[in-house]
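Just below is one structure, and these are the notes that go with it.
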Protein chains: 2
Amino acid sequence: MSSHGTHDSKLRVLDAVLRPRSIALIGASNTPGKLGFKLLKNMLADGYTGKIYPINPNDAEIQGLKVYKSVLDVPDEIDAAVIVVPAKLCTQVAEECGKKGVKGLIVITSGFSEIGRKDLEDELVRVARRYGTRVLGPNIVGIMSNSDKLNASFAPFLPYPGKPSLVSQSGALIVAMDAATYLRRVGFDKMISIGNMADLDIADCIEWLDADPNTTCISLYIEGLRNGRRFVDAARRARTPIVAIKAGVSAHGAAAAASHTGSLAGAAKVYEAAFNQAGIVQATDLNGLFDRSLALSLQPPMRGDNLFILTNGGGVGVLATDAAERLGLPLHFAPADLQAELRKHMPEYGSAKNPADLTGMAGKDWYYDCVKAILTHDWVDGLVILYCETSLTVPMDIAQALHKAIQDSGATDKPVAIAFVGGEQSSEALHWLMEKGIPAYEVPDKAVDALAALREHARIRSLVTEILPFPGGRSSDLARETIAAARAGGRGALTEIEAKEVFAAYGLPVARTVLAKSEEAAVRAAGEIGFPVVMKIVSPDILHKSDAGGVKVGIKDAEAAQEAFRTILSNAKAYKADAAIHGVAVQEMAPFGTEVIIGSVDDPSFGPTVMFGLGGIFVEVLKDVTFRVAPVSSTQAERMLTEIQAAPILAGARGEAPRDKDALVQLIMNYSRMILDLESEVAESDANPVFVYEKGKGLKVVDARIILKKT
Amino acid sequence: MSSHGTHDSKLRVLDAVLRPRSIALIGASNTPGKLGFKLLKNMLADGYTGKIYPINPNDAEIQGLKVYKSVLDVPDEIDAAVIVVPAKLCTQVAEECGKKGVKGLIVITSGFSEIGRKDLEDELVRVARRYGTRVLGPNIVGIMSNSDKLNASFAPFLPYPGKPSLVSQSGALIVAMDAATYLRRVGFDKMISIGNMADLDIADCIEWLDADPNTTCISLYIEGLRNGRRFVDAARRARTPIVAIKAGVSAHGAAAAASHTGSLAGAAKVYEAAFNQAGIVQATDLNGLFDRSLALSLQPPMRGDNLFILTNGGGVGVLATDAAERLGLPLHFAPADLQAELRKHMPEYGSAKNPADLTGMAGKDWYYDCVKAILTHDWVDGLVILYCETSLTVPMDIAQALHKAIQDSGATDKPVAIAFVGGEQSSEALHWLMEKGIPAYEVPDKAVDALAALREHARIRSLVTEILPFPGGRSSDLARETIAAARAGGRGALTEIEAKEVFAAYGLPVARTVLAKSEEAAVRAAGEIGFPVVMKIVSPDILHKSDAGGVKVGIKDAEAAQEAFRTILSNAKAYKADAAIHGVAVQEMAPFGTEVIIGSVDDPSFGPTVMFGLGGIFVEVLKDVTFRVAPVSSTQAERMLTEIQAAPILAGARGEAPRDKDALVQLIMNYSRMILDLESEVAESDANPVFVYEKGKGLKVVDARIILKKT
């Protein structure tokens, strides 16, 4: 309950910044062409009902408003201050705003970290924080809101109205997309430029927009995140659909993005994993961002896999069918009763199967009857309606019939998307449909993609609700002691034995391994473990144990163990005369199983991140691995097992028994908790190989590696 | 030279059909709403300069033209007859046209094979062929040509003018796309509806359009091909760029396409391979068909991989960079001298690396100077220019500066594509650029995709010129004898020994294998081959030899061979008492190598088609295989080796020596020639496994299988 209260009070502060009742414009100007002139003009243009206070030491009146020399002179309360004064003056302004009790600063001004002046930016935030003032920006276009009739930005006008709201790290893109909304007649309620994210970031905007009744889809343009885990948490908790485009997913693009915003760009696969865990639908290009925002903002999620396609043209029906398969929604034939019903409304040479092809003869009545029959049938989860402009029909008539059929069906829980292929008349009909709340596109693929996005939204939303209990403390202490001991010895990595101790402390089933410092100890250990055993050199200076002749397998008895100890030590010395040698590891010889690898990286945006894949050729040659940000839930762990290409091998390919899936899920979850718990210590780790046995027989970590973070 | 002459005379006949100097409209009508009325109106609408003869037994004059009762009554020569009379009358009409010497029939009429009346269609073609008349259709919209000012179709108007020409198997799509060309202002010179392809097919249209000076790109909408190899040959020979969309590439879509046109839809992978071999650039959706047609029709091919991206917005620059990598054109940093030159035309915080970011400060002069510098630099192979609408610049000014820079650079051999993200003003600027011959789009990804298409065109064109010598006859006789003998025995498949004989006849290196019918013969054979040997049951009734206990490996001496012979025979009898047993195959024990598989299918559209992949888990679990239509050239065979996911294994992964690539290329080429030569006999075949050794050491076919076609 108290966290709920905190959440509410946080949202109230964000309200003051993003939906201010009063605004000071610091740097307001009487000179056309100046930013301070344009901003004021824009703020006055659309009917904003809050108070506006221009601030400027040199003028008495600007654009009909009384001007104040400082915010401190304003007699009333100020929610937000829009700042356009030069960067070097911003700190002083923040100080005054703080004293005045201004709740938020919208810092349009550029010239901060984006050109290397992080010092100025840090100073600005430090001052603001002292007064509890929040900062949006700096280096932003500003904020725009249709429902508040406020354009507090230097973009020329409010966007075409719509139900999604956009948050963008690129200001140039906001200005360009603002204009594009009129061309496409696909609009936004709000456009928020987030710039350098010195204080308020995308996670804050998600939380606030999720509570905004005028926003039904949150659209994000992301270049790089600093606190990825907070972002994932905010998105997970949101009930509003979220769609995001991540710029800089290519190797070269990441470099370009880095030079552009100064943000660190994470690896594409990690972002994809994080979006998945956060329940965010992805867009791969700008058109996709527009198109998917439109669909998610207007239609309910698609709750099952049964997509139906209705068309008057076989060609576009087939293209849409191909697109459905490509987008993960392969079609199935409709049930017989639905087919029978549809056949009443088409010529004999039509098809009712799915896609249902009414043929070029289809008029508005056939469309009406079929749409109603399809949407009221239980089997159907979503509908794509296609229309090829013909000389026998008027596109607007068809559009009106479709809208009426959707209304009359009463099926408000099933998403519908429409595509009309044709000219000006079709285009007008599409715009009319969009006004009526139906996503409508110029090509069949886009209508299918709209439903794919709505299906993906339903799918990933169902995966993000799981609660993740975190295991308790004792094992963590043990792991930390092992690490501390290694650090005390001046080492940056653990030995295999130490790494296995850490793994074991977090419940990972490691092959039993004992460090022997003498022949006698080795023989004793082998006896306790039980022959046959494996013996390996333990030396922080020998990383490639096999190359050094430091590994012996299948040691069957005491004599062989003695012999192996001697050989391993002499090989190790021959390999590297000055190597520090801890001894020889005596390890149970785990029966051979399917080799998998699990490991971790410390992602610059998301922190501890788990990697999983099949071992050997699959990881080394095919790079067939998948990622998740820690902690990983059981449902996400299960998805990891199915999304690698080699998944059929785990499921039991070529007549083999399926591998132990439950043990793998447990392994991934525990591993993810381990690396999260040891976030401050572990830079990189892996268990490679892990032998996985058939269902019910578990798995065994055979080798282990942990590289520590630099202190 | 004589084939050239034939080609020319064929083109002259096609000229008469597709660019007729005189047309009879059979079924012309005076009744508005009737097809014969609409057709005549359309033919008269756009300034067609040829003669038009309406034919109708009941009228004297229609739309101001004299009407004839029959084509036989027309006093002049007739190139083509457009036919709209009911299907049942078409044969009689064809007869009269034949007698009149009409060169081509454009059969608009539907009601033929598309509704199951293949008999009517066959009859029509039979009559036409008797007179040497060619048939376009039936079941088509007609033909449209801007350069001939002729709309001989029931589509309402000629398309917006453009340089590509479209050939479509879907009539509905032609009508809808016709209207869409005005909305997009992306036009076509010609639109040809090809319908049921009873006679003239896509290959004919490719040949004719390739010689048409008004067509600079051939755009194809394909649902299914009957004579795929002829199509590949025609496309290979064309010098005009070709872009195609194949509808029905998904499993369900193929079924839908089949029910729609009656065409057999080939597997997606085979189509992809065939397009590759034919030098055809693929489009995956309708927007892609429009966008790529525009690029290919206006710009030269991109001859190298160095793509440069110039932008005024970091965000769109990064999105374009991502798109470039996704589309197979990853960016590289520009050379230092080019960067130095570009830095003169941007603020200090811009970037000259590639993408070059001029920042939002960029005006037309910076754009002009940079475009000229980039296009005149040797390193650059192609350029994408991006512009985000800003409040400081006017889109049309930028467009004009870009056009002038491109002109002034004189670089006519380097493709350029442009994207403007913005509103109405940007949209107008884009249309202006398109009129000037520069492909221009509303989002950065599409401009990058335009260059990707131009690069793909250059790449695949460089691969299709290779001449394919076909090996001579003696070996083929041997193979045919083996097959005939099996057929004579009433068998539908060859035994392993027979299949190896056929393979060997075509130069495939098979493991030496001898059929032994007695213990003595087995021992003798093993002695000749040299121990160790492998022994396997040879029985047309036992397909899974191992399951039957019919395989013994590592047979070291005569005694073991005797023993193996006895065991194999008794196991086989125990497995299947009534199996016909030919004997036991004694085979050299090939040293173990990397397992690959090569096989063939008889594709319904393209005929004999080669499949290649790595053996075992790669083919069985990962389905990691690639296809080519036979015959396969050496360059295409090399591409097959690199396009499977497991390609790094052949190249020598994990420290192993590279596999013998030359031997694999030879294997694929010879295999493809074998299946083409034996097209009438072989339904399906494979060599599995084939052991491939390191570079220079060749390969060995260890097992072989050939299934014969049903007679």
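The values are calculated or read from the model by the stated rules, or taken from the named source; none is laboratory data. For clarity, every value in this text was computed on a predicted model and none was experimentally measured. Methodologically, a virtual Cβ is constructed for each residue, glycine included, from the backbone with ideal geometry; neighbour enumeration extends over all protein chains shown.
Are any residues in the stretch A:178-235 more than 14 Å from every other protein chain (Cβ to nearest Cβ) and of a type in the set (Val, Ile, Thr), and if so, which ones?
Of everything in the stretch A:178-235, those that are more than 14 Å from every other protein chain (Cβ to nearest Cβ) and of a type in the set (Val, Ile, Thr) turn out to be A:192, A:202, A:206, A:215, A:216, A:218, A:232.
Among the residues of the stretch B:410-429, what is the count of those that are at the interface with another protein chain (Cβ under 10 Å from one of its Cβ atoms), closer than 20 Å to residue B:287 by Cβ and of a type outside the set (Gly, Ala, Ser)?
2
(1) farther than 26 Å from residue B:534 by Cα; (2) in contact with a Gly (Cβ under 6 Å, 6 or more places away or on another chain): which one isn't true of residue B:683, the others all being true?
(2)
Please report, ordered by residue number, the strands (runs of 3 or more DSSP E) entirely within the stretch A:135-204 with at least 2 residues that are crowded, with 24+ Cβ neighbours inside 10 Å and touching a Lys or Arg at 6+ places or on another chain (Cβ under 8 Å). Full working, then the answer.
Numbers: elements: A:142-145, A:150-153, A:164-168, A:190-193.
By residue number, A:142-145, A:164-168.
Which residue pairs have Cβ atoms under 8 Å apart, sit 6 or more places apart or on different chains, and have a first residue in the stretch A:267-279 that is in a helix (DSSP H, G or I) and a second that is crowded, with 23+ Cβ neighbours inside 10 Å and of a type in the set (Lys, Arg)?
Once the first residue is in a helix (DSSP H, G or I) and sits in the stretch A:267-279, its partners that are crowded, with 23+ Cβ neighbours inside 10 Å and of a type in the set (Lys, Arg) give A:268/A:246; A:271/A:246; A:273/A:628; A:275/A:246; A:276/A:628; A:277/A:628.
Could you tell me how many of the residues in the stretch A:14-39 are farther than 17 Å from residue A:145 by Cβ, more than 14 Å from chain B (Cβ to nearest Cβ), outside any strand (DSSP E or B) and in contact (Cβ under 8 Å) with a residue 12 or more places away in the chain?
Within the stretch A:14-39, residues that are farther than 17 Å from residue A:145 by Cβ, more than 14 Å from chain B (Cβ to nearest Cβ), outside any strand (DSSP E or B) and in contact (Cβ under 8 Å) with a residue 12 or more places away in the chain number 5.
Where in the stretch B:305-379 are the helices (runs of 4 or more DSSP H), entirely inside, with at least 1 residues that are away from chain A (no Cβ under 14 Å), without any contact (Cβ under 8 Å) to a residue 60 or more places away in the chain and not hydrophobic (A, V, I, L, M, F, W, C)?
By residue number, B:336-343, B:364-375.
What number of residues within the stretch A:619-634 are within 14 Å of another protein chain (Cβ to nearest Cβ) and either touching a helix residue (DSSP H, G or I) at 6+ places or on another chain (Cβ under 9 Å) or surrounded by fewer than 19 Cβ atoms within 10 Å (Cβ to Cβ) (or both)?
Qualifying residue count for the region: 6.
Taking the condition of being farther than 20 Å from residue A:253 by Cα and in contact with a Phe, Trp or Tyr (Cβ under 7 Å, 6 or more places away or on another chain), how many residues in the stretch B:336-357 meet it?
Qualifying residue count for the region: 2.
When you scan the stretch B:225-240, do you find a residue that is closer than 26 Å to residue A:355 by Cα and in contact (Cβ under 8 Å) with a residue 12 or more places away in the chain, even just one?
Scanning the stretch B:225-240, I find at least one residue that is closer than 26 Å to residue A:355 by Cα and in contact (Cβ under 8 Å) with a residue 12 or more places away in the chain, so the answer is yes.
Name the residues in the stretch B:161-177 that are within 8 Å of chain A (Cβ to nearest Cβ) and polar (S, T, N, Q), would you?
Of everything in the stretch B:161-177, those that are within 8 Å of chain A (Cβ to nearest Cβ) and polar (S, T, N, Q) turn out to be B:168, B:169, B:170.
Condition test on residue B:53, is it modelled with pLDDT of 95 or more, surrounded by 15 or more Cβ atoms within 10 Å (Cβ to Cβ) and assigned to a loop (DSSP other than H, G, I, E, B)?
On the way: modelled with pLDDT of 95 or more: yes; surrounded by 15 or more Cβ atoms within 10 Å (Cβ to Cβ): yes; assigned to a loop (DSSP other than H, G, I, E, B): no.
Spelling it out, it is not the case that residue B:53 is modelled with pLDDT of 95 or more, surrounded by 15 or more Cβ atoms within 10 Å (Cβ to Cβ) and assigned to a loop (DSSP other than H, G, I, E, B).
Within the stretch A:56-73, track down each residue that is more than 24 Å from residue A:155 (Cα to Cα), touching a helix residue (DSSP H, G or I) at 6+ places or on another chain (Cβ under 8 Å) and surrounded by 19 or more Cβ atoms within 10 Å (Cβ to Cβ).
A:71, the sole residue that qualifies.
Restricting attention to the stretch A:383-396, does a residue exist that is surrounded by 21 or more Cβ atoms within 10 Å (Cβ to Cβ), more than 30 Å from residue B:34 (Cα to Cα) and either modelled with pLDDT of 95 or more or at the interface with chain B (Cβ under 10 Å from one of its Cβ atoms) (or both)?
The answer is yes, given that some residue of the stretch A:383-396 is surrounded by 21 or more Cβ atoms within 10 Å (Cβ to Cβ), more than 30 Å from residue B:34 (Cα to Cα) and either modelled with pLDDT of 95 or more or at the interface with chain B (Cβ under 10 Å from one of its Cβ atoms) (or both).
Might you check whether a residue that is within 23 Å of residue B:243 (Cβ to Cβ) and either among the charged types (D, E, K, R) or modelled with pLDDT of 95 or more (or both) occurs anywhere in the stretch B:310-321?
yes
Which residue, of B:337, B:305, B:322, is among the charged types (D, E, K, R) and buried (at least 24 other Cβ atoms within 10 Å of the Cβ)?
B:322
If I ask for residues that are within 20 Å of residue A:683 (Cα to Cα), aliphatic (A, V, I, L, M) and surrounded by fewer than 24 Cβ atoms within 10 Å (Cβ to Cβ), which ones from the stretch A:490-542 would you list?
Those that are within 20 Å of residue A:683 (Cα to Cα), aliphatic (A, V, I, L, M) and surrounded by fewer than 24 Cβ atoms within 10 Å (Cβ to Cβ): A:493, A:497, A:504, A:505, A:508, A:542.
So, in the stretch B:590-618, of the ones that are within 14 Å of chain A (Cβ to nearest Cβ) and in contact (Cβ under 8 Å) with a residue 40 or more places away in the chain, which residue ends up surrounded by the fewest Cβ atoms within 10 Å (Cβ to Cβ)?
Here the answer is B:616.
For the stretch B:125-175, give me the residue count where each residue is closer than 16 Å to residue B:42 by Cβ, of a type in the set (S, T, N, Q) and touching a Gly at 6+ places or on another chain (Cβ under 9 Å).
3
For residues that are of a type in the set (S, T, N, Q) and under 15 Å from residue B:610 (Cα atoms), scanning just the stretch B:635-693, find the one that is surrounded by the most Cβ atoms within 10 Å (Cβ to Cβ).
It comes out as B:685.
Could you check residue A:126 against (1) surrounded by fewer than 24 Cβ atoms within 10 Å (Cβ to Cβ); (2) part of a helix (DSSP H, G or I); (3) away from every other protein chain (no Cβ under 12 Å); (4) in contact (Cβ under 8 Å) with a residue 12 or more places away in the chain and say which number it fails?
(4)
Could you please let me know if residue B:435 is within 14 Å of another protein chain (Cβ to nearest Cβ) and out of contact with any strand residue (DSSP E or B) (no Cβ under 6 Å at 6 or more places or on another chain)?
no
Filter the stretch B:412-437 for residues that are of a type in the set (Gly, Ala, Ser) and in contact (Cβ under 8 Å) with a residue 40 or more places away in the chain; which is surrounded by the fewest Cβ atoms within 10 Å (Cβ to Cβ)? Give the steps one after another, and end with the answer.
So the first thing to find is which residues in the stretch B:412-437 are of a type in the set (Gly, Ala, Ser), and the list is B:417, B:419, B:422-423, B:426-427, B:429, B:437.
Cutting the leftovers down to in contact (Cβ under 8 Å) with a residue 40 or more places away in the chain gives us B:417, B:419, B:437.
On the way: B:417: 30, B:419: 27, B:437: 13.
Checking each candidate, the answer is B:437.
Name the one entry in A:608, A:604 that is under 30 Å from residue A:640 (Cα atoms) and out of contact with any strand residue (DSSP E or B) (no Cβ under 9 Å at 6 or more places or on another chain).
Sole residue among the options that is under 30 Å from residue A:640 (Cα atoms) and out of contact with any strand residue (DSSP E or B) (no Cβ under 9 Å at 6 or more places or on another chain): A:604.
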